[in-house]
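Step one of this worksheet: look at the structure below.
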Amino acid sequence: MKVMGFADLVLVQPRFADVLSQEETVALASGAADILARARIVDTLDAALAGVTHACATAMTPRDFGPPTVAPRQHFATLADPAQPAPAPAVAFVFGSERHGLANEDVWRCHTCLSIPTHPDYGSLNLAQAVQLIAYDWRMALGGFAVQPRTPDAALAGADEVAGALAHWQRTLEAIGFLDPVAPKKLMPRLNQLLNRAQLTREEVHILRGIARAAAATAPASKD
């Protein structure tokens, strides 16, 4: 929940009354102890859904009748659509226990059933996985978070730096006999276009010039 920026956790009749302070619970929270500190424990699902205007069950729709079953991503796009009439719905996601899931009576209290589109032959997800997938899709529907780059943008080489590298390469290509200075044809303009498409950084220009220096050092001495 915290990874996706959510903090409103409500537990309905948890198996252990002190679940929020148990050592295992705190350890599994892994830095999200503030979510536990603000969590609420209630006796009924009705109490948990107080003030909620759109509840999504994370379980299969009962066979006899029940709310419509929808895919999370498409449904969330509708719920989070800024063009929908105000006020925006107060949304809640209802998850069952790891062992038994949701009872039909719990599903019937909800407006929709969310079905994560898994492989039809194997759709087994544990509770933590289901929470993470639903939280991710809901966060993306709300706008998501910007990606934080880990490295600074590389400085692109200027046209003068590229021209300098080309001149260096031209001298080296002539020294190793690859380019005939009497009949250069269009080799250098083609190399210029190649480097322009590559969008070289300054470091890459330095590398190319270093290669040119090493190649020139191994070129046979001129007989002139």
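The values are calculated or read from the model by the stated rules, or taken from the named source; none is laboratory data. Keep in mind that what you see is a predicted model, and the values were worked out from it rather than measured. Quick reminder, even Gly has a Cβ in these numbers, built from the backbone with ideal geometry, and neighbours come from all protein chains shown.
Within the range 171-188, how many residues are of a type in the set (D, E, K, R) and under 15 Å from ARG209 (Cβ atoms)?
The number of residues fulfilling the criteria is 1.
Before we move on, is PRO117 at pLDDT below 95 and more than 30 Å from GLY66 (Cβ to Cβ)?
So PRO117 does not fit the description; no.
Listed residues THR61, THR25; which is under 19 Å from GLN13 (Cα atoms), among the hydroxyl-bearing types (Ser, Thr, Tyr) and at pLDDT below 95?
Answer to the check: THR25.
So is ALA130 more than 30 Å from HIS100 (Cα to Cα) and out of contact with any helix residue (DSSP H, G or I) (no Cβ under 6 Å at 6 or more places or on another chain) or not?
no
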